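Report on one structure; see the data block that follows.
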Amino acid sequence: MNEPRVMVYLMTGFLDSGKTQFLDFTLKQDYFQIDGKTLLILCEEGGEEYDPAEMLKYGVVIEKIEDQADLTEEWLEEMETKHQPERVVIEYNGMWKVSDFERLRLPEGWGIEQKLTTVDASTFQMYLTNLKPLFVEMVRDAEMVLFNRCGDIGPLAGYRRSVKVVSPQAEVIFEDENGEIENIFGDDVPYDLEAPVIEILKEDYGIWYVDMMENPDRYRGKVVEFTARVLKPRGFPDKVFLPGRMAMTCCADDTTFLGYVCRSSYAPKLKPGDWITVRAKVRFANLSVYRGEGPILEAENITPADPIKELVYFN
């Protein structure tokens with residue numbers, strides 16, 4: 001596919017999560033300057049405001065839209081005709097479903113280049129409890145998720161896992177009032193990485209799944225053991241399957257299967273839906289299913305196991 005002529009940057013986040021502050025800073029930076037016009041579309045009124053005259057110095061024109069019903073394909077076409085922008089930045093309303101925008105047919109030549117999300121860590125748990133479906137849509141396929149106002153680092157590992165299970169490729173950044181927080185996770189996993197066999201308890205499956213994706217060198221050549229359900233995707237070779245668990249990403253009606261590719265000569269005897277305990281050696285290779293490098297589990301032992309009724313949670 002050809003690159004879009006007009007790159008669209010979609011900025012999501014709940015009210016007062018720092019969207020305006022982030023964009024106001026970014027739009028003024030040298031590295032973000034372009035020769036043509038940037039159209040900034042504002043979809044909500046927050047505590048912070050832009051200075052239109054100041055924005056014009058950076059080639060940014062502002063259009064506001066207050067009602068979601070007015071954000072239509074026809075209105076976007078009007079904006080294309082009126083401004084002929086070289087770039088579009090959208091500060092999206094946190095209470096609108098992101099999927100509604102993603103279903104819109106954009107003007108010819110427009111294409112979403114990046115999806116970014118800001119999160120106020122001090123109110124995140126409240127929003128997650130009450131508006132989790134909206135948050136999941138925000139971070140799904142996002143390139144970056146920025147948690148700001150991080151006063152307590154204790155829950156941050158869980159916050160990161162909540163994002164990673166929905167959007168594995170996302171860069172997750174944490175900031176407090178002094179700037180970015182680094183090295184807050186270390187080797188803090190609830191199992192022994194140096195054991196001859198790393199035993200993954202059922203309650204730790206989600207932690208292991210995300211950590212192995214993020215820190216492959218910790219697991220390269222190691223042997224892991226865990227209980228999972230058998231999935232056999234269409235097109236997989238006979239001796240390859242996916243052992244995994246169902247994880248809740250939003251609500252009981254929005255779950256996803258989390259598993260890694262596993263090779264075993266015993267695989268043809270396994271039936272989809274079987275519960276097994278797998279002991280396997282971990283290696284990494286480029287596979288299309290991962291869209292790059294990912295884990296391959298070389299099974300050393302497979303035994304029947306009792307079903308695990310609980311879903312995998314990340315908070």
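The values are calculated or read from the model by the stated rules, or taken from the named source; none is laboratory data. Because the structure is predicted, anything quoted here is derived from the model rather than measured. Glycine gets a Cβ as well: all are built from the backbone with ideal geometry, and neighbour counts include every protein chain shown.
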Legend entry - Condition met for Leu116 (crowded, with 17+ Cβ neighbours inside 10 Å and either within 15 Å of Thr20 (Cα to Cα) or outside the structural domain of Arg160 (by TED's automatic domain parsing) (or both)): yes
Inset, instruction - Output the number of residues of the range 49-81 satisfying the condition of being touching a strand residue (DSSP E or B) at 6+ places or on another chain (Cβ under 7 Å), assigned to a helix (DSSP H, G or I) and surrounded by 15 or more Cβ atoms within 10 Å (Cβ to Cβ). - result: 2
Inset, instruction - Confirm whether Ile34 is touching a Gly at 6+ places or on another chain (Cβ under 8 Å), β-branched (Val, Ile, Thr) and not in a helix (DSSP H, G or I). - result: yes
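For (1) in a loop (DSSP other than H, G, I, E, B); (2) under 19 Å from Cys43 (Cβ atoms); (3) of a type outside the set (D, E, K, R), each residue gets a yes or a no:
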{"position": "Trp96", "(1), (2), (3)": "yes, yes, yes"}
{"position": "Ser99", "(1), (2), (3)": "no, yes, yes"}
{"position": "Leu104", "(1), (2), (3)": "yes, yes, yes"}
{"position": "Gln125", "(1), (2), (3)": "no, no, yes"}
Legend entry - Positions within the range 269-286 being farther than 23 Å from Ile207 by Cβ and surrounded by 12 or more Cβ atoms within 10 Å (Cβ to Cβ), in sequence order: Leu270, Asp274
Inset, instruction - Return the total of residues in the range 142-186 being on the phi > 0 side of the Ramachandran plot and either touching a strand residue (DSSP E or B) at 6+ places or on another chain (Cβ under 6 Å) or crowded, with 18+ Cβ neighbours inside 10 Å (or both). - result: 1
Inset, instruction - Please find, among Pro168, Pro190, Pro196, Pro233, the residue that is over 24 Å from Leu311 (Cα atoms), part of a loop (DSSP other than H, G, I, E, B) and not aromatic (Phe, Trp, Tyr). - result: Pro196
Inset, instruction - Please tell me if Asp274 is touching a helix residue (DSSP H, G or I) at 6+ places or on another chain (Cβ under 6 Å), on the phi < 0 side of the Ramachandran plot and in the same structural domain as Asp217 (by TED's automatic domain parsing). - result: no
Legend entry - Count - residues of the range 247-266 that are modelled with pLDDT of 80 or more, among the hydrophobic types (A, V, I, L, M, F, W, C) and surrounded by fewer than 16 Cβ atoms within 10 Å (Cβ to Cβ): 1
Inset, instruction - Check whether at least one residue in the range 201-215 is part of a loop (DSSP other than H, G, I, E, B), outside the structural domain of Lys132 (by TED's automatic domain parsing) and touching a residue at least 40 places away in the same chain (Cβ under 8 Å), and report yes or no. - result: no
